[in-house]
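Here the structure comes first, spelled out in structure tokens, and everything after it is commentary.
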Amino acid sequence: MAERMGGYLSKWGLHVIIGIGIIFPHVAGNYWIDVAVFWGIYVLLGLSLNIIVGEVGLFNMGHSAFFAIGAYTTAILSERFGVSLWLLLPLSGLAAGVAGYILAKPIIHLRGDYLLIVTIGLNEIIRITLLNNPWGLTGGPNGIIMLDQFRIFGYAIQRPIDFYYLVWAFVAITVFVLIRLQRSRIGRCWNYVREDEIAAQAMGIDTRWAKVVAFTLGAAIAGATGTVFAAKLVVISPESFTFMESVILFCIVILGGMGSIPGVILGSAGMMVLPELLRNFAQYRMLFFGLALVLMMIFRPQGLWPSRRWTTILREGEGE
Amino acid sequence: MALFIEQLVNGLTVGAVYSLVALGYTMVYGVMRMINFAHGDFFMIGSYLGFTLVSSALLGGAIPLWAALIVVVVLSMAGVAIIGVIVERAAYRPLRRSSRLTAVVSAIGVSIFLQNAVMLIWGPRYRAYPPWSVPSITWQVGGIYINFMQVLILAVSFGLMVALYLFVQRTTVGAAIRATAIDHDTARLMGIDVDQIIRLIFLIGPALGAAAGVLLGLYYRQIHFTVGWTYGLKAFTAAIMGGIGNIPGAMVGGLLLGILEMLGAGYISSAWKDVFVFLILILLLMFRPTGLLGERIAEKV
């Protein structure tokens, strides 16, 4: 298992962390359990974006659009047709993945900063569409209220502690799968494309295909996370999926270290947990992170916990 | 037909503002090959500075209102120009030699920082320019109505654009800017202080953005600390339309975008007008990233 954590942690370290994770909700109050639940949700989103931004180096700053597609798919199908949430988890992932595929296909060839702009545009288009309530589907600015819950043999997952175990179980599964993926053929392809696209192409890698796969997979995981988010939040409205949300996810990946799974966990702790610990300074949160991004780029562009196969994309000059 | 001309005038007004903001994007891109993601926030800070100046005692009636408004515009431009130079020195200069994406991330950091600084100073809610800050004069010209603010916006923005064009095309410093845009190293060999030119660009660009911010603030009256991104994105679309790096292109692109947006709002639906703009942006980047006026530039390998 230690080996499967990608060698980031020793065997003992891993056991201690899992132990703390299991005991934590029995010691902490509901408030802190909720904080941990949202942390977990952001870890899932950060991991999904990390595939796109971190592994392949595609600058996607519209990721909350895919998250939104997943959450809305869940809310609409659950409220109108009473589809079970366990079925909606893969369905929402599929919906967001298909959207990711269709949207990524024509724009994937764009250069870094142009791709960034286009994804911001897509994010805004999707948010405005949700706001404008097409065919009465999305409920406009008020959104949709979704009452169904995840059920295990008739037991509804409703209490914060139930959500805590559910979300972190998803995190564990996702981390496990992503570590395997990092070491697979496609994972190495992704890193190759990130480090040197032209060399990768010369080696016979279909770089376009590798990028589209990453985009689709990232979108799909974000979509599936949308289902968990919908179940937790009950009310799904466009204000949860603004462009600022995409910026936060982007910061999580960059601050943590591109392509680094522990980096994402650390980065989302910085974005979600740290402000709760420093509540007196809560309104300075984004001010601080804006500053942190600048300082990070100047002094430590590889991130807080850099990936082992660490990236040159933010390190070396491309000249002028 | 009346609706068409009315939307055309509205479009020209908004478009002139987009042009001013687009110039900042295009000049920075021209000289540094970098998209300054914080540029929309210079626009936003301009509108807040203008708000504070207008609300202060400046419009006491000692000088005519239109002259006072121009003083407000000039002071806001100066304030934001200083911020622009500081941002360049602190966040972009240390990264001049690193990769383009590093500078992009840094610019995003600057943008988040500026937005939240404004939120902490002026508060998170919408602020509104006081109603007496703009005279409610309306002229009727051949069946259509033009109000005072539309005339002021068109006059100030065209004045600034002509001044900039002459500055860049006719003066020695302007020639130095153009030379730097072509090649930093050669420009340096010709005795041009490239750092000085970049500082100048970060003085002019944000100042023009600030002028646009004050004018649009006076026009719509409502301002919010998050609008920088929306207007920034629109102005960037305008800059791309005209071919990024191309100064007259940004002017034409802004006007064209303003007119397209207002016609879309008038004839199709105003709830979807931002969607049209972003669709235009995406389609342009997909099919003609060098813009309608720009020439083809080979991608560096």
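Readers should treat all values here as calculations from the given coordinates under stated rules, not as data from a laboratory. Quick caveat: nothing in here was measured; it's all calculated off a predicted structure. Reconstructed Cβ throughout: ideal geometry from the backbone, glycine too, with neighbour counts over all protein chains shown.
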Within region B:166-272, list the trypsin sites (Lys or Arg not before Pro) lying in a DSSP loop whose Cβ has at most 14 other Cβ atoms in a 10 Å radius. none
Based on the Kirkwood radius over alpha-carbon pairs, what is the Stokes-Einstein translational diffusion coefficient of region B:139-212 at 25 °C with 0.890 mPa s viscosity, in µm²/s? 170
Please list, or write none, the lysines whose alpha carbon is within less than 17 Å of the alpha carbon of B:LYS273, excluding same-chain residues fewer than 8 places away. B:LYS234
Residue-wise, which Karplus ³J(HN,Hα) couplings in Hz belong to region B:13-22, taking 6.51 cos²θ - 1.76 cosθ + 1.60, θ = phi - 60°, and x for glycine or proline? 4, 5, x, 4, 5, 4, 4, 4, 5, 4
Mean ellipticity per residue at 222 nm, deg cm²/dmol - from DSSP H runs of n ≥ 4 across chain B, formula -39500 (n - 2.57): -24000 deg cm²/dmol
Whole-angstrom gap from region B:216-270 to region B:274-293, using each part's C-alpha centre: 13
For chain A, what relative contact order do you get, as a whole percent, if you take Cα pairs closer than 8 Å and at least 6 residues apart? 31
Taking a temperature of 4 °C and a viscosity of 1.567 mPa s, what whole-number D in µm²/s does Stokes-Einstein yield for region A:34-243 with Rh from Kirkwood over alpha carbon pairs? 74
Work from the charge dipole of the protein assembly as shown (Cβ charges, +1 for Lys and Arg, -1 for Asp and Glu, about the Cα centre) and give the residue of B:LEU12, A:TYR284, B:ILE153 farthest towards its positive end. A:TYR284
Using a Förster distance of 35 Å, the FRET efficiency for A:TRP135-A:LYS105 (Cβ separation, nearest 0.05): 0.85
Return the average number of partner chain Cβ atoms within 10 angstrom of each residue Cβ along peptide A:98-111. 1
Which of these, A:ASN132, A:ASN280, A:ASN123, has the largest mean-square fluctuation under a Gaussian network model of chain A (Cα springs below 10 Å)? A:ASN280
Between region A:147-193 and region B:84-144, how many Å separate their Cα centres? 39
Given a Förster distance of 60 angstrom, what is the FRET efficiency for A:TYR31 paired with B:VAL74, based on the Cβ-Cβ distance and rounded to 0.05? 0.70
In angstroms, what radius of gyration and Dmax does region A:124-232 have, counting Cα atoms only? 19.3, 55
With bins of 10 Å, the percent of all Cα-Cα pairs of chain B per bin from 0 is 6, 28, 36, 22, 7, 1, 0
Need one word for region B:76-232: rounded, prolate or oblate. Basis is the Cα gyration tensor (sqrt eigenvalues a ≥ b ≥ c); a/c below 1.5 gives rounded, then a/b vs b/c decides. oblate
HN-Hα J couplings of region B:33-39 from phi, Karplus 6.51/-1.76/1.60, θ = phi - 60°, integer Hz, Gly and Pro as x? 6, 9, 8, 7, 5, 8, 5
Cut-off 14 Å between beta-carbons: net charge of the residues surrounding A:ALA104, Lys and Arg +1, Asp and Glu -1: +3
Could you work out [θ]222 nm for chain A from helices alone, using -39500 (n - 2.57) per DSSP H run of at least four and dividing by all its residues? Round to the nearest 500 deg cm²/dmol. -21500 deg cm²/dmol
Gaussian network model of chain A, Cα springs within a sub-10 Å range: biggest mean-square fluctuation belongs to which of A:LEU94, A:LEU255, A:LEU44? A:LEU94
D (µm²/s, integer) via Stokes-Einstein for region A:201-275, Kirkwood Rh across alpha-carbon pairs, 4 °C, 1.567 mPa s: value 89
Might you report the magnitude of the Cβ-based charge dipole of chain B about its Cα centre, with Lys and Arg at +1 and Asp and Glu at -1, to the nearest 20 debye? 400
Sticking with the crude label model, points 7 Å out along Cα→Cβ, report the distance from B:VAL162 to B:GLN222 in nm, one decimal please. 3.5
FRET efficiency estimate (nearest 0.05) - Cβ-Cβ, A:PHE299 to A:VAL98, R0 35 angstrom: 0.30
I need the phi-derived Karplus couplings for region B:92-108: 6.51 cos²θ - 1.76 cosθ + 1.60, θ = phi - 60°, integer Hz, Gly and Pro marked x. 9, 4, x, 9, 3, 8, 8, 5, 4, 6, 4, 5, 4, 4, 4, 5, 5
Taking Cα atoms of the protein assembly as shown, Rg/Rh with Kirkwood Rh, to two decimals? 0.98
Report the convex hull volume per residue for region B:204-271, counting only C-alpha atoms, in Å³. 98
